[in-house]
1. Say each of residue 47 and residue 79 gets a label point 7 Å from the Cα, pointing the same way as Cα to Cβ; how far apart are those two points in nm?
2. Going 7 Å from the Cα of residue 65 in the Cα-to-Cβ direction, what parts of the range 140-170 have a backbone nitrogen less than 13 Å from that spot?
3. What is the Cα coordinate range of the chain on the first, second and third principal axes, sorted by size from largest, in whole angstrom?
4. Nearest 10 degrees, 0 to 90: what angle lies between the long axis of helix 38-47 and the longest principal axis of the chain (Cα atoms)?
5. Could you give the semi-axes, largest first, of the ellipsoid that matches the range 7-67, computed as the square roots of 5 times the alpha carbon gyration tensor eigenvalues and rounded to whole Å?
6. If R₀ is 45 angstrom, what is the calculated FRET efficiency for the pair residue 160 and residue 57, using the beta carbon separation as r and rounding to 0.05?
7. Before anything else, pin down the relative contact order of the chain: Cα pairs under 8 Å, at least 6 apart, normalised by residue count, whole percent.
8. Kindly express, to the nearest 10 degrees and within the range 0 to 90, the angle between helix 3-15's C-alpha long axis and the longest C-alpha principal axis of the chain.
Amino acid sequence: MAVEEEVFDILRERFGDAVVSAEASGAHPYAVIKAERWPQVALFLRDDPRLLLNMLRCISSIDMIAEDKLACVYDLMYLADDCGDELITETREFAVRIETPRDDPVIPSVAHVWPAADWHEREAYDMMGIHFSGHPDHRRILCPDDWVGYPLRKDYVFPLEYHGIPGTTEYDLPNPRH
């Protein structure tokens with residue numbers, strides 16, 4: 001049995017219907033978890049001695065425009081606390097996807113579980129407009145505070161100008177886009 005399938009089974013046993021689905025095929029297996037249960041599942045993934053997924057590698061936000069949803073994929077892994085001179089021979093990696101409605105995107109923050117989530121959640125907010133309830137510093141991180149919209153959404157229309165700075169050099173096009 002693959003590591004991912006073992007984790008799926010452990011999560012289903014512990015959290016039942018909080019596990020919406022599990023995708024084991026492909027290069028990036030993941031479990032879809034209900035947003036409202038995410039903080040409890042995150043603590044379990046980090047603290048359960050069978051899993052110990054103690055490092056958040058990254059959060060990738062996804063615009064699922066055809067399904068009218070946004071999502072975040074949390075790439076987790078086990079990182080030995082102290083490996084000394086020994087080589088790490090075992091690695092555990094797992095991904096969790098949290099989906100949220102596109103018109104009111106809210107996912108509970110897990111910055112208290114994995115400190116790296118702090119900046120990753122701010123980036124997902126800034127670029128996609130996903131709000132992370134309970135985040136300790138929920139504000140833009142890449143765009144200016146007065147920026148309008150979320151640049152990585154598939155339906156985003158890039159401004160032609162920002163405070164007098166041209167947004168394009170393709171003025172001769174009837175509908176300039178980047």
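Read-outs throughout are calculated quantities, based only on the coordinates presented, and are distinct from any laboratory measurement. It should be emphasised that the depicted structure is a prediction, and the values quoted were computed from it without experimental measurement. Glycine also receives a Cβ, built like all others from the backbone with ideal geometry; neighbour counts cover every protein chain displayed.
1. Calculated label separation equals 2.0 nm.
2. Counting only backbone N, you get 150-158.
3. Sorted from largest, the Cα extents of the chain read 59, 39, 31 Å.
4. Taking Cα atoms only, the helix is inclined about 50 degrees.
5. Details: eigenvalues 79, 41, 33 Å².
Each semi-axis is √(5λ); the values are 20, 14, 13 Å.
6. On the way: r = 37 Å, r/R0 = 0.82.
That gives a FRET efficiency of 0.75.
7. Numbers: 289 pairs, mean separation 28.5, N = 178.
Averaging sequence separation for qualifying contacts and normalising by length gives 16 percent for the chain.
8. The angle comes out at about 90 degrees.
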